[in-house]
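The block underneath contains the structure these notes are about, expressed in structure tokens.
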């Protein structure tokens, strides 16, 4: 943003504040000591793609090229650095999502 890169990674101290996945939406919020990044994606109809396992292409995942993604980057003071909406965004969700959510929720307790 304006020549500055905002990194949200474990090595910068960023933490996941919220992770919620439904059949139609993904809501993901990350924060570090100074900033918060909120991503809200609405999943649209898509197509099933083959995805790899360790030995073959037997997994399937839904990919959409017409999803909507809302992004908001703020300072901890509440000042909005960037807010925008992407339409016709590519979105796919793969892997063991229930296991990922269970792991995240167990760490939040």
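Values in this text are rule-based calculations from the coordinates and carry no lab data. Note that the coordinates shown come from a computational prediction; the quantities given were computed from them, not determined experimentally. Neighbour counts run over all protein chains shown; Cβ positions are idealised from the backbone, glycine included.
Annotations for the structure displayed:
- Modelled spin-label separation between residue 40 and residue 65, with each label point placed 7 Å from Cα along the Cα-to-Cβ direction: 2.7 nm.
- Least to most buried among 44, 64 (fewest other Cβ within 10 Å first): 44, 64
- FRET efficiency, residue 108 to residue 77 (Cβ-Cβ, R0 30 Å, nearest 0.05): 0.75
- Order of 19, 91, 5 under a 10 Å beta carbon neighbour criterion, fewest first: 5, 19, 91
- Sorted by Cβ neighbour density within 10 Å, fewest at the top, the residues 8, 82: 82, 8
- Modelled this way, with points 7 Å down the Cα-to-C-beta line, the labels at residue 4 and residue 99 are 3.9 nm from one another.
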